[in-house]
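Input: one structure, supplied below.
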Amino acid sequence: MAGPTVEQITSAVAEIERLVGDATQRLGRWSDLYRHMRFSQGHDWHDIAEFDWPSVRADIDAAAFADTDPLPIPDIDLGHAASGQLTGQATSALAWDKLTPEGFERLLFDLLRHIPEYQNVQWLSHTKAPDRGRDLSLDRTLNDSTGSSRNERVIVQAKHWLKTTVNVRAVSETVAEMKLWGPPVVRGLIIATSGRFSSDAMKWVEDHNERGDLPYIEMWPENRLQVLLARNPGLAVAHGLR
């Protein structure tokens with residue numbers, strides 16, 4: 001599914017992320033919401049309406065008032081009571097065109113280091129070097145409810161593609177290059193782009209992951225990076241994206 005309504009919803013979710021930043025505790029189905037918006041099939045939007053959004057909205061409502069905030073009074077129209085009116089919306093779009101390919105990799109390096117589960121983040125090679133599909137690497141810690149944990153090796157490929165979507169060929173070639181790596185075995189691959197993925201590429205990745213083939217592929221298009229940077233607004237400013 002695509003069209004103005006889908007774009008409006010995606011933009012609204014990005015605006016919410018921009019507003020709440022890192023102050024909101026995320027107990028709801030945020031990751032499911034983004035995954036379903038990315039694939040955007042009919043059943044995905046059904047799950048968004050029935051499951052994802054209600055749980056996410058509960059987090060938003062919980063963050064609307066701090067413990068010390070006064071309770072809202074329904075009988076008073078605060079809009080009329082206010083001395084002025086706020087107009088417009090929170091800015092969410094990022095100025096990706098201000099980044100060079102090297103600047104995009106540097107942004108990813110800084111962003112990955114701000115994610116608690118990611119350790120030993122490394123910037124592996126010079127931009128545009130023959131790097132066999134690897135730009136950055138990290139160790140990701142996976143925990144479960146029993147208290148056990150394990151680490152896995154993850155490679156990150158940066159594609160600062162503003163005018164071209166990441167297609168099937170680009171993804172499959174990257175996966176083929178991953179086989180030249182090791183040890184240790186690379187179990188995860190993140191393809192991060194300042195643009196978007198083609199529908200064929202998304203289907204290819206979905207089929208690849210469903211088969212359980214290594215590495216497990218994560219797609220980080222522009223809107224997902226936008227969400228992550230909304231939680232770390234200082235990075236967007238430091239890299240000149242706002």
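The values are calculated or read from the model by the stated rules, or taken from the named source; none is laboratory data. These numbers come from a predicted model, not from an experiment. Ideal geometry is used to build each Cβ from the backbone, glycine not excepted, and the neighbour counts take in all protein chains shown. Side chains included, ligands, DNA and RNA excluded: accessible areas come from the protein's heavy atoms. Shrake-Rupley method; radii C 1.70, N 1.55, O 1.52, S 1.80 Å.
Of the listed peptides 213-223, 2-12, what is their order by residue-averaged count of other C-beta atoms within 10 Å, with the highest listed first?
So the peptides 213-223, 2-12, ranked by packing, come out 213-223, 2-12.
Subtract the Cα-Cα distance of A238 and T100 from 0.36 nm times their separation in residues, and report this length gain in nm to one decimal.
48.2 nm
Also: Using a basic spin-label model with each label point 7 Å from the Cα along Cα→Cβ, how many nm lie between R150 and H46?
Taking the simple label geometry, R150 and H46 are separated by 3.4 nm.
Using 0.36 nm per residue of separation minus the Cα-Cα distance, give me the extension gain between A93 and W181 in nm, one decimal. Before the final figure, lay out the partial values.
Values: separation 88, 0.36 × 88 = 31.68 nm, distance 3.58 nm.
So the extension gain works out to 28.1 nm.
Okay, next question. How much area per residue is accessible in the stretch 136-242 when the probe is 1.4 Å and only protein heavy atoms are counted (Å²)?
Accessible area per residue, the stretch 136-242: 50 Å².
Continuing with this model, one more query. Expected output is a single nm value to one decimal: the length gained when fully extending between L142 and L27, i.e. 0.36 nm times separation in residues minus the C-alpha distance. What is it?
Full extension of this stretch gives 39.6 nm more.
Pop a pseudo-label 7 angstrom from the Cα along the beta-carbon direction at both R211 and I9 and give the gap in nm to one decimal.
Each label point lies 7 Å from its Cα, and together they span 3.1 nm.
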